[in-house]
Amino acid sequence: MRYIPNSPTDRAAMLAVIGVATIEDLFRGIPDDLRLKGPLNLPSAMSEPELLEYFAAAASNNLTDRLSFLGAGIYSHYVPLIIDALISRSEFFTAYTPYQAEIAQGTLQAIFEFQTYMAQLTGMDIANASLYDGSTALAEGILMAHRITRRSRFLLARSVHPEYRAVVETYTRRLGLEIESVDFLENGRIDMEKLESGLTEETAGVIVQSPNFLGTIEALDAVSVLAHSKGALSIVNIAEAMSLGLLRPPGDAPSEEGRADIVVGEAQSLGVPMSFGGPHVGFVATRQRFLRQIPGRLVGMGHDGDGKRGFVLTLATREQHIRREKATSNICTNQSLCALMTTIYLSTVGPKGLRDIATQNIEKTAYAADRIESDTKHSVRFPGPRFNEFVIKLDGGSADVFDRLSQQDIVAGLPLGRFFPELDDSLLVSITEVHKKSDIDRLIEGLA
């Protein structure tokens with residue numbers, strides 16, 4: 001829609017129709033002490049050439065050659081150029097929910113394929129048509145478990161992403177749900193003894209993340225078996241979706257009792273740019289028997305009277321589709337554009353490509369961890385199995401080392417003291433397929 005300003009004559013005519021003399025009269029209901037008496041504190045207007053020059057000068061301050069090893073929930077993976085080319089097409093370039101199936105078959109098909117991919121990657125029966133991000137997906141998964149079990153107590157691993165835990169606390173604060181934290185061991189995994197002792201007949205669900213915030217891969221089947229022994233649901237959070245290209249899916253365990261019941265997470269790693277923290281794309285996958293409790297909406301496939309395949313929104317039990325007290329979620333939009341990015345990415349790289357990329361993540365991370373142990377004074381914490389993140393215990397404290405490396409244009413990782421006071425001397429480092437051997441060697445030299 002083009003911006004067409006109203007002329008003074010237009011404004012006067014509109015004011016006359018609604019029966020007021022001036023624009024200020026429209027704000028008479030606002031107390032005088034709350035109204036702005038002068039102009040906004042903004043710079044004067046610029047011409048278009050001046051504005052372009054201003055932004056060019058601001059952009060020149062960007063540090064484009066800084067080497068970064070940040071992860072912690074948002075990961076630097078290569079995004080194929082085909083994604084930008086396809087999502088820029090006008091028929092896709094919107095995140096709005098495709099209500100009119102007769103004119104949105106392309107969007108609905110893409111979302112259906114996203115659901116299919118996420119169900120395959122997680123090993124679950126069904127997946128929904130995306131949510132805002134991983135943190136809200138986790139909170140929605142917990143509310144889903146509450147509806148299924150009619151229980152109100154949850155055991156949440158302390159190694160789940162701290163910001164995800166904060167969102168969960170915000171969601172559940174006024175709902176009467178009890179969220180109890182379970183600590184981690186020296187190997188980085190959840191403390192199974194504390195988990196077992198905390199489980200009761202009132203526990204609705206057990207929530208773990210794998211790989212967890214410390215980079216460690218959890219023994220998901222053992223956690224699920226323990227949760228099911230008390231009738232609780234097993235909820236698995238996936239913050240690094242690339243790991244699903246190689247690790248055994250949470251829904252694919254040696255025994256039925258070892259399967260996860262609900263898998264939630266963030267699919268940003270699969271074709272969505274980091275974008276300074278968003279937008280991203282959350283997902284929820286679950287077993288067939290919990291179909292009607294899944295939040296958001298589902299896209300279904302059927303056939304018309306002529307036998308032609310078609311797609312349509314189905315089981316969209318949101319508050320705008322159903323009486324509020326029966327709604328499974330109050331999320332009123334989805335991230336269909338980001339879900340489309342993930343669909344294009346997975347279609348492009350294919351199963352073998354995804355496995356190869358995930359393997360690179362593991363091998364490069366192992367190389368970095370081994371070199372830190374052998375060639376620096378620092379040490380690697382948490383010896384459990386890992387994917388593409390690990391924690392370094394820094395000799396001399398994290399602040400000094402982090403600042404020194406920053407001066408060398410290296411963002412070495414995330415200092416953990418803000419989230420875990422006992423890890424104030426530690427740094428969370430992420431290595432992905434985009435890091436060359438020379439990049440990793442530069443990090444090691446800086447640490448040494």
How much of ASP33 can a 1.4 Å solvent probe reach, expressed as accessible area in Å² and rounded to 10? 130 Å²
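Assuming a viscosity of 1.002 mPa s and a temperature of 20 °C, what translational diffusion coefficient in µm² per second does Stokes-Einstein assign to the stretch 152-237, Rh being the Kirkwood radius over Cα pairs?
Working: Rh = 12.7 Å.
D, rounded to a whole number, is 168 µm²/s.
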Just the Cα atoms of the chain: what Rg and Dmax do they give in Å? 25.2, 80
Among ARG28, ARG371, ARG189, which one shows the highest mean-square fluctuation when the chain is modelled as a Gaussian network with alpha-carbon springs under 10 Å? ARG28
Residue-level accessible surface for ILE179, protein heavy atoms, 1.4 Å, Å²: 60 Å²
Bounding extents of the stretch 1-157 in its principal axis frame from Cα atoms, largest first in Å, are 64, 50, 42
What the 5 Å binned alpha carbon P(r) of the stretch 134-289 shows, as percent of pairs per bin from 0, is 2, 10, 20, 25, 22, 13, 6, 2, 0
For the stretch 352-358, take each phi angle, set θ = phi - 60°, evaluate the Karplus expression 6.51 cos²θ - 1.76 cosθ + 1.60, and give the result in whole Hz per residue in order, putting x for glycine and proline. 5, x, 5, 5, 5, 5, 4
From phi via Karplus (6.51, -1.76, 1.60), per-residue ³J(HN,Hα) for the stretch 154-167 in Hz, x at Gly/Pro: 10, 10, 10, 4, 5, 8, 6, 3, x, 6, 5, 4, 5, 5
Using a 10 angstrom cutoff on alpha carbons, build the Gaussian network for the chain and name the most mobile of MET242, MET124, MET301. MET301
For each pair in LYS364/LYS393; LYS194/LYS377; LYS377/LYS437, compute the distance between the two Cα atoms and list the pairs where it is over 22 Å. LYS194/LYS377
GNM of the chain, Cα pairs under 10 angstrom: of PHE27, PHE184, PHE92, the biggest fluctuation goes to PHE27
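At 1.4 Å probe radius, can you tell me the per residue accessible area of the chain in Å²?
Numbers: 22480 Å² over 448 residues.
Here the per-residue accessible area is 50 Å².
Restricting things to alpha carbons, find the Rg to Rh ratio for the stretch 397-448 using the Kirkwood radius for Rh.
Reported Rg/Rh (Cα atoms, Kirkwood Rh): 0.99.
With each run of n ≥ 4 DSSP H residues scored as -39500 (n - 2.57), what mean residue ellipticity at 222 nm is computed for the chain after dividing by its residue count and rounding to the nearest 500 deg cm²/dmol?
Numbers: 11 runs with 151 residues, N = 448.
Mean residue ellipticity, 222 nm, calculated: -11000 deg cm²/dmol.
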Taking amide H atoms as placed 1.01 Å from N in the peptide plane, list the residues 5 or more away in sequence, or in a different chain, whose amide H sits under 5 Å from that of LEU131. GLY282, PHE283, GLN335
With θ set to phi - 60° and the Karplus curve 6.51 cos²θ - 1.76 cosθ + 1.60, what are the ³J(HN,Hα) couplings of the stretch 234-241 in order, to the nearest whole Hz, using x for Gly and Pro? 9, 10, 10, 9, 10, 8, 10, 5
Given a cut-off of 22 Å, what percent of all Cα-Cα pairs of the stretch 95-202 lie beyond it? 49 percent
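The values are calculated or read from the model by the stated rules, or taken from the named source; none is laboratory data. Remember, predicted model here, so these are calculated numbers, not experimental data. Ligands, DNA and RNA are excluded from the accessible area calculation, which covers all protein heavy atoms including side chains. Shrake-Rupley method; radii C 1.70, N 1.55, O 1.52, S 1.80 Å.
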